[in-house]
1. What FRET efficiency would be calculated for the residue pair residue 116, residue 39, taking the C-beta separation as r and a Förster radius of 22 Å, to the nearest 0.05?
2. Using Cβ counts within 10 Å as a stand-in for footprinting exposure, how do 115, 66, 11 rank, fewest first?
3. Between residue 11 and residue 106, what is the label-point separation in nm under the 7 Å Cα-to-beta-carbon projection?
4. Express in nm, to one decimal, how much length is gained between residue 84 and residue 21 on full extension, taking 0.36 nm for each residue of separation and deducting their alpha carbon distance.
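Where a number appears in this text, it was derived from the coordinates with a stated rule and is not lab data. The model shown is predicted, which means the values in this text are computed figures rather than measured ones. Heads up, the Cβs are rebuilt from the backbone with ideal geometry, glycines too, and the neighbour counts pull from every protein chain shown.
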């Protein structure tokens, strides 16, 4: 095995370990802040093509046709190209969708409860450019 190949494998292991550590920390956050256990699978997307991860999307929560959350998926590409704080913010953002669903709140991007929780937790929004600007400042 070449040096480059070993190095790539080592970096990949580090990224996966980082991902699972951030998921664990974020699950603890969900319980401590909202009393909600994240009990659906959380995956790191390893496919080159995922039709739901388009336009540089960092993650999503997939629901069934009955709007029951099935899983949360985070982009491996996003994981490899971003800072730890941004990765954890994305995980928490996706967890907030699930938390809202569990608490019977409006949990879609742009919904008042969801956007207020993003602001409360200093997490990026897909709709509130003022919050994002404040976080970047």
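1. Calculated value: 0.35.
2. 66, 11, 115
3. Taking the simple label geometry, residue 106 and residue 11 are separated by 4.3 nm.
4. Value of the extension gain: 21.6 nm.
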